[in-house]
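Notes to accompany the following structure.
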Amino acid sequence: MNSTQKQEIAVLGSGSWATAIVKILSENEQVAIHWWVRNPETAEHIRTYRHNPNYLSDVEINPARVVHVSSSLPEVLAPARWVVVAIPAAFVKEALSSTTAKHWLSKKVVSGVKGVIPEEHLLVTQWISREFELAEENMAVIAGPCHAEEIALERQSYLTIASLNLAISEEFARLMSCRYVKASPFDDLYGVEYCAIMKNIIAIACGIAHGLGFGDNFQAVLVANALREMKALIDAIYPLHRELTHTSYLGDLLVTAYSQFSRNRTFGNMIGRGYSVKSAQMEMKMIAEGYYAAKGIHEISCHYGVHCPIMEGVYRILYEAAPAKKIFDKIRESMY
Ligand SMILES: NC(=O)C1=CN([C@@H]2O[C@H](COP(=O)(O)OP(=O)(O)OC[C@H]3O[C@@H](n4cnc5c(N)ncnc54)[C@H](OP(=O)(O)O)[C@@H]3O)[C@@H](O)[C@H]2O)C=CC1
Ligand SMILES: O=C(CO)COP(=O)(O)O
């Protein structure tokens, strides 16, 4: 690429994370962003007023970088070399259903999604790679402890760009680095993607514990035990020497487990306080990915025969209406 050529990037999704990614990428004058926003009225609002009306609405959208906002997926994909997916996992299949392999030809795909594709038991990168006939080496994920709300405030944040192909992670990490974001390349694509999914379930567990009246002492032990659980499952699925103290595993778990911005923790807190799943979901304007992930990870851990008492407990509370207090009494006994 010569120095005047732009990096054409499609960003798919119009929630908080897609908006934050658009903001980060817009800091780089070498990029041209084509933004897919599913609702045509929202797209029109962004084109006219340069703000997403529904999420991170204080963020100003820079027209010099965001050159195209559209509800047509084929239109947005056509010019792009990179495609960033930031749609909650439960809706990815439906959202991409208007496209075929020909729309994705030669693209490099970066997933910002932290969830499993329902019923498929596949990570988002695996599903996209299979569905649109892309090599796994052309896939990457954006991970790390980073809440969209803090990106809106330009608070110093760290991201990990993981791919089987280090050249891709390095190139995209450069595009995602700016004054308030340091993005680093990494090679454990599937380990990072699985951990990012599991930490959302653990955050729900932390929220439930808080809602039930447990304190910080209990939560610290819950998180430490949960980290071992995550390691046992990921090592069974993708055996590899990995230090879970890396920012993209432990850091991501900590921010979601403890942050005031965490959707999953907020959702869990309501469950612990006695809300039904339906009423807690209705209270939330945003998506708690851990709700869907609890089912996917339950099925995957059963398949691999790995005992995950904390994540399993969350699954039983959310999907089998098991009483939270009873499940947490058992978890309390089993932890050390
Ligand atoms: N928020 C964050 O800080 C971070 C989020 N992530 C991940 O990013 C992904 C996206 O989450 P996030 O941006 O937070 O989500 P939000 O809760 O902010 O937004 C929800 C998004 O889901 C869309 N949506 C709702 N229902 C449907 C549907 N039926 N079909 C298609 N789309 C639908 C909404 O579209 P509409 O507005 O049109 O209804 C909206 O764009 C998740 O996997 C999350 O884990 C990762 C890192 C940080
Ligand atoms: O996946 C996310 C951030 O990593 C979003 O979930 P939380 O808002 O629960 O942290």
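The values are calculated or read from the model by the stated rules, or taken from the named source; none is laboratory data. Every value quoted in this text rests on a predicted model; they were computed, and no experiment measured them. Using ideal geometry, Cβ is built from the backbone for each residue, glycine included, and neighbour counts are taken over all protein chains shown.
Is it the case that Tyr292 is assigned by TED's automatic domain parsing to the domain that holds Arg228 and either farther than 29 Å from Val124 by Cβ or touching a residue at least 12 places away in the same chain (Cβ under 8 Å) (or both)? Taking the combined requirement at face value, the residue satisfies it.
Scanning the range 72-98 for residues that are surrounded by fewer than 16 Cβ atoms within 10 Å (Cβ to Cβ), within 16 Å of ligand 1 (Cβ to nearest atom) and closer than 12 Å to Ala10 by Cβ yields a count of 1. His121 meets each of the listed conditions (1) more than 16 Å from ligand 2 (Cβ to nearest atom); (2) buried (at least 24 other Cβ atoms within 10 Å of the Cβ); (3) touching a residue at least 60 places away in the same chain (Cβ under 8 Å) apart from (2). Of all residues in the range 251-297, exactly one satisfies the criterion of being among the aromatic types (Phe, Trp, Tyr) and near ligand 2 (Cβ under 7 Å from one of its atoms), namely Phe261.
The rows are residues; the columns are (1) more than 19 Å from Met311 (Cα to Cα); (2) not polar (S, T, N, Q).
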site	(1), (2)
Leu159	yes, yes
Leu164	yes, yes
Ser169	yes, no
Ile201	no, yes
Val221	no, yes
Ile234	no, yes
Thr245	yes, no
Arg263	no, yes
Ile271	no, yes
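Taking the range 144-168 as the region of interest, how many residues are among the acidic types (Asp, Glu) and part of a helix (DSSP H, G or I)?
2
For the range 295-313, the count of residues that are at pLDDT 95 or above, in the same structural domain as His210 (by TED's automatic domain parsing), within 12 Å of ligand 1 (Cβ to nearest atom) and not in a helix (DSSP H, G or I) is zero. When you check Val141 against the structure, is it touching a helix residue (DSSP H, G or I) at 6+ places or on another chain (Cβ under 6 Å), closer than 21 Å to Thr245 by Cα and assigned to a strand (DSSP E or B), yes or no? It is true that Val141 is touching a helix residue (DSSP H, G or I) at 6+ places or on another chain (Cβ under 6 Å), closer than 21 Å to Thr245 by Cα and assigned to a strand (DSSP E or B). The single condition among (1) buried (at least 18 other Cβ atoms within 10 Å of the Cβ); (2) free of Cβ contacts under 8 Å to residues at least 60 places away in the same chain; (3) more than 14 Å from ligand 1 (Cβ to nearest atom) that Ala183 does not satisfy is (3). Of the residues contained in the range 54-63, one or more are found to be away from ligand 2 (no atom under 16 Å from the Cβ), closer than 23 Å to Tyr180 by Cα, in the same structural domain as Val181 (by TED's automatic domain parsing) and in contact (Cβ under 8 Å) with a residue 60 or more places away in the chain. The single condition among (1) farther than 23 Å from Gly213 by Cα; (2) within 16 Å of ligand 1 (Cβ to nearest atom); (3) modelled with pLDDT of 95 or more that Tyr291 does not satisfy is (1). The residues in the range 230-285 that are among the small types (Gly, Ala, Ser), at pLDDT 95 or above, crowded, with 16+ Cβ neighbours inside 10 Å and farther than 24 Å from Cys302 by Cα can be counted, and the count is 5.
Of the residues in the range 317-330, none is within 16 Å of ligand 1 (Cβ to nearest atom), closer than 27 Å to Tyr190 by Cα and out of contact with any strand residue (DSSP E or B) (no Cβ under 7 Å at 6 or more places or on another chain).
Among residues of the range 172-188 being in contact with a Phe, Trp or Tyr (Cβ under 9 Å, 6 or more places away or on another chain) and assigned to a helix (DSSP H, G or I), the one that is farthest from Ile300 (Cα to Cα) is Leu175. Scanning the range 314-336 for residues that are closer than 12 Å to Asn225 by Cα and either among the small types (Gly, Ala, Ser) or assigned to a loop (DSSP other than H, G, I, E, B) (or both) returns Ser334, Met335, Tyr336. Taking the criterion of being farther than 16 Å from Ser129 by Cα and either among the hydroxyl-bearing types (Ser, Thr, Tyr) or free of Cβ contacts under 8 Å to residues at least 60 places away in the same chain (or both), the residues of the range 71-93 that qualify are Ser71, Ser72, Pro74, Glu75, Ala78, Phe91. The set of residues from the range 262-286 being among the aromatic types (Phe, Trp, Tyr) and in a helix (DSSP H, G or I) comprises just one member, Phe267.
Condition first: within 14 Å of ligand 1 (Cβ to nearest atom), in contact with a Pro (Cβ under 6 Å, 6 or more places away or on another chain) and touching a residue at least 60 places away in the same chain (Cβ under 8 Å). Can you find one or more residues in the range 259-273 that meet it?
No.
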